[in-house]
Amino acid sequence: MAKYIFVAGGVMSGVGKGVATASIGKILQSRGFKVTAIKIDPYVNVDAGTMNPTEHGEVFVLNEGTECDQDMGNYERFLGVDLPAINYMTTGSVYETVIRRERNMDYGGRCVEVVPHIPLEVIDRIEKSVKKAKADFITIEIGGTVGEYQNILFLEAARMLKLKYPLDVLFVLVSYLPIPSKIGEMKTKPTQYAVRTLNSAGIQPDIILARSTAPLDGKRKEKIALNCNMRQEDVISAPDIETIYEIPLNFEKDKLSSLILKKLKLKPRKSNLQDWAKLLRAIKGAKQPVKIGIVGKYFGTGDFVLSDAYLSVIEAIKHATFFHKRKPEITWINSEVFEKNSKTLKDLKKYDGIIVPGGFGSRGVEGKIKAIEYCRKNKIPYFGLCYGMQLACLEFARHVCGLSKAHTTEIDKNTPNPVIDLMLEQKAVLKDNRYGGTMRLGAYYCRLVPGTKAAKAYGRELISERHRHRYELNNEYRDLLVKNGLVVSGVNPERDLVEIIELKNHPFFVATQFHPEFKSRPLAPHPLFREFIKAAICSNH
Ligand code: GLN
């Protein structure tokens, strides 16, 4: 019988509920349990694909092509597993299924109601996910904050599941304890209110993770316990820390996994977090920096939002730098600056390596192309991800092959040289405004060309990577590009689509149509990121 751990958030969002959930999964996994993880997003959007990443954070992509919340990436990175599509749901997707079933007479003529049919569909998905993963434990993170209208039906599902399996369901509240600067004292009242709100939904938390800038002291623990109807040992201190990868180890210092096992009446098992502890030593011991510049366009919104919009890229850079025992130093570079003043391009020399990540639309594109040209000519290690690959092809077509007007039809529909063009099946999709879930999404195979940098990095011939794009390298221009020295180092075998390009006589100039960042893990850095960072460390441009 599987055990279900629901994680809800109290007081406010953005306090690290996702990494806390991922860390709970990790410490249970380290005790030899099979763990899977679900994220519930209380949006009416059917998936995260149509949400603006500067507002909602990165759109993470699963193997099956589901466009989902970045927390799914946190789970995959912490647990080291690939999660299935069933593990992500939104209000929209749940309603969509219930309405479709109603249309198909699946409810046999009964009245279909918000309660119980919506929570029952949620429960059905949770149970399917457990079955699929053959999991001993499932963590289910309910997005948003308790007390808001949006997630009420998901709390209702949690309550109903507890009724169904009284001994197998546990509730964790990740709450926030502010320390107002004028008072200088940690306040528990908002958390008390959060628990009361949860109580009114029929749920009593079993464990509270008390997030704050500082550790929880005895007095505060006592207060929360008394007012929230709990034992003091069920209130766990979760202060801010330097790196998210420290959280599982911190939880274990507080014996969180033993507490969970005890509450669920499971026998204690030995914990093995040695790999994780080793990773942490590498992170903390790393002193010498590797300077990576990320050239992009989302800059009106400040660094904070940016780090969320490119979360997996940042984590992948970190994994690879930690692997090389270095400290990542990441700088956001606004490509529009290069458009206004080409002289600023020489600033790129300050970095050990440059990345142009995924993107859409025209803003900042010419600046990105200039930056890519500068990296190519000045032998600065360059790694292009999706749009970063398409723009590298345009740069090469324009400045090496002489097609000065080469463009992507995403920006210039009438270009005489559509070197990057819309995929055939995407033409019909866009004509009908069918934007949601219609890109080339998820895992596809890619065959590597022996002897190339890419093949050497992977050490394999057939790889599988995740995609999210509508445009591709137009095969009509492939011969010309190759004749001029572009190396096509990876091709999708079924459709003959170019997936990786690279250049010879350059310390590292590699770009991928897929998003390698989605598959990088702290304990298993992505081979291309690993080689890129290695080149950045060795480079003497
Ligand atoms: N805009 C490009 C496309 O749709 C690249 C997408 C991306 O970078 N994810 O093909």
At q = 0.14, 0.19 Å⁻¹, base-10 log of I(q)/I(0) for the range 245-287 (Debye sum, equal scatterers on each alpha carbon): -0.40, -0.62
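Report the calculated FRET efficiency for residue 405 and residue 148 (r = Cβ-Cβ distance, R0 = 60 Å), to the nearest 0.05. Each step should come with its number before you reach the end.
Numbers: r = 51 Å, r/R0 = 0.85.
Efficiency for this residue pair is about 0.70.
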Go through 174-181, 352-359 and give me the packing order, highest mean Cβ count within 10 Å leading. 352-359, 174-181
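For residue 349, what is the net charge nearby, where nearby means another residue's Cβ is under 12 Å from its Cβ and Lys, Arg count +1, Asp, Glu -1? Each step should come with its number before you reach the end.
Details: positive: 291, 346, 350, 377, 379; negative: 347, 352.
With Lys, Arg at +1 and Asp, Glu at -1, the neighbours total +3.
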Degrees between helix 91-103 axis and first principal axis of the chain (Cα, 0 to 90, nearest 10): 80 degrees
Consider just the alpha-carbon atoms of the range 348-459 and return their Rg together with their Dmax, both in angstrom. 15.8, 46
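Would you kindly state how much longer the chain becomes between residue 164 and residue 213 on full extension, computed as 0.36 nm times their sequence separation minus their alpha carbon distance, in nm to one decimal? Spell out each step's value before the answer.
Details: separation 49, 0.36 × 49 = 17.64 nm, distance 3.76 nm.
13.9 nm is the gain from fully extending residue 164 to residue 213.
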Of the convex hull drawn through the C-alpha atoms of the range 120-264, the volume per residue in Å³ is 129 Å³
Roughly how many whole Å is it from the C-alpha centroid of the range 16-71 to that of the range 380-394? 27 Å
For the range 322-369, state the semi-axes of the equivalent ellipsoid (square roots of 5 times the eigenvalues of the alpha-carbon gyration tensor), sorted largest first and rounded to whole angstrom. 24, 15, 7
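Any chance you could list the semi-axes, whole Å, largest first, of the equivalent ellipsoid that the Cα gyration tensor gives for the range 45-94, using √(5λ)?
Values: eigenvalues 60, 35, 14 Å².
Those come to 17, 13, 8 Å.
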Per residue, how big is the convex hull around the C-alpha atoms of the range 439-541? Give it to me in cubic angstrom, could you? 111 Å³
Expressed as an acute angle from 0 to 90° and rounded to the nearest 10, what is the orientation of the C-alpha long axis of helix 70-79 relative to the principal long axis of the chain? 80 degrees
Among the range 497-517, those whose backbone N falls under 16 Å of a label point 7 Å along Cα→Cβ from residue 482 are 497-504
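Order of 275-281, 315-321 by packing, highest average Cβ count within 10 Å first? Could the numbers behind the result be given before it?
Working: 275-281: 15.6, 315-321: 26.3.
Result, highest mean Cβ count within 10 Å first: 315-321, 275-281.
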Would you list the P(r) distribution for the chain, with all Cα-Cα distances sorted into 20 Å bins from 0 and each bin expressed as a whole %? 21, 51, 26, 2
log₁₀ of I(q)/I(0) at q = 0.27 Å⁻¹ - the range 141-205, Debye sum with one point per alpha carbon: -1.21
For the chain: relative contact order, % (alpha-carbon pairs under 8 angstrom, 6 or more apart): 15 percent
D (Stokes-Einstein, µm²/s), Kirkwood Cα radius, the range 14-156, 1.002 mPa s at 20 °C: 136 µm²/s
May I ask for the net charge around residue 32, where only other residues with Cβ less than 10 Å from the Cβ of residue 32 are counted and Lys, Arg are +1 while Asp, Glu are -1? +3
On alpha carbon coordinates alone, what is the Rg over Rh value for the range 182-243, Rh being the Kirkwood radius? 0.98
With only Lys, Arg, Asp and Glu charged, each at its Cβ (+1 for the first two, -1 for the last two), find how big the charge dipole of the chain is about the Cα centre; round to the nearest 20 debye. 1680 debye
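Using a probe radius of 1.4 Å on heavy atoms only, what accessible surface per residue do you get for the chain? Whole Å² is fine.
Working: 23100 Å² over 541 residues.
Here the per-residue accessible area is 43 Å².
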If the chain between residue 521 and residue 1 were fully extended at 0.36 nm per residue, the gain over the current Cα-Cα distance would be 184.3 nm
Rounded to the nearest Å, the spacing of the alpha-carbon centers of the range 456-512 and the range 86-135 is 41 Å
Where only C-alpha atoms are counted, convex hull volume of the range 368-422 per residue in Å³: 64 Å³
Expressed as an acute angle from 0 to 90° and rounded to the nearest 10, what is the orientation of the C-alpha long axis of helix 189-200 relative to the principal long axis of the chain? 80 degrees
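Please find the FRET efficiency linking residue 427 to residue 277, where r is the Cβ-Cβ separation and R0 is fixed at 60 Å, and quote it to the nearest 0.05.
Details: r = 52 Å, r/R0 = 0.87.
With a Förster radius of 60 Å, E is 0.70.
Evaluate 2.2 N^0.38 Å with N set to the residue count of the range 500-541, then give the Cα radius of gyration divided by it.
Numbers: Rg = 11.2 Å, N = 42, 2.2 N^0.38 = 9.1 Å.
Scaled against compact globular proteins, the figure is 1.23.
Ignoring everything except DSSP H segments at least 4 long, calculate the 222 nm mean residue ellipticity for the chain; use -39,500 (n - 2.57) per segment, divide by total residues, nearest 500. Walk me through the numbers on the way to the answer.
Details: 20 runs with 206 residues, N = 541.
Result for the chain, helices only: -11500 deg cm²/dmol.
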Over 31 Å between alpha carbons, listed pairs 132/297; 132/267; 17/349; 327/453; 350/413; 413/453: 132/297; 17/349; 350/413; 413/453
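Estimate the FRET efficiency between residue 262 and residue 204 by the formula 1/(1 + (r/R0)^6), using the beta-carbon distance for r and 22 Å for R0, to the nearest 0.05.
Here the calculated transfer efficiency is 0.85.
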Counting only protein heavy atoms and using a 1.4 Å probe, what share of the accessible area of the chain belongs to carbon plus sulfur, as a whole percent? 52 percent
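Given a 1.4 Å probe and heavy atoms of the protein chains only, how would you sort 82, 412, largest accessible area at the top?
On the way: 82 75, 412 55 Å².
Sorted by accessible area, descending: 82, 412.
The values are calculated or read from the model by the stated rules, or taken from the named source; none is laboratory data. Keep in mind it's a predicted model, so treat the numbers as computed, not measured. So basically every Cβ, Gly included, is an ideal-geometry build from the backbone, and we count neighbours across all protein chains shown. Heavy atoms of the whole protein, side chains included, go into the accessibility calculation; ligands, DNA and RNA do not. Shrake-Rupley method; radii C 1.70, N 1.55, O 1.52, S 1.80 Å.
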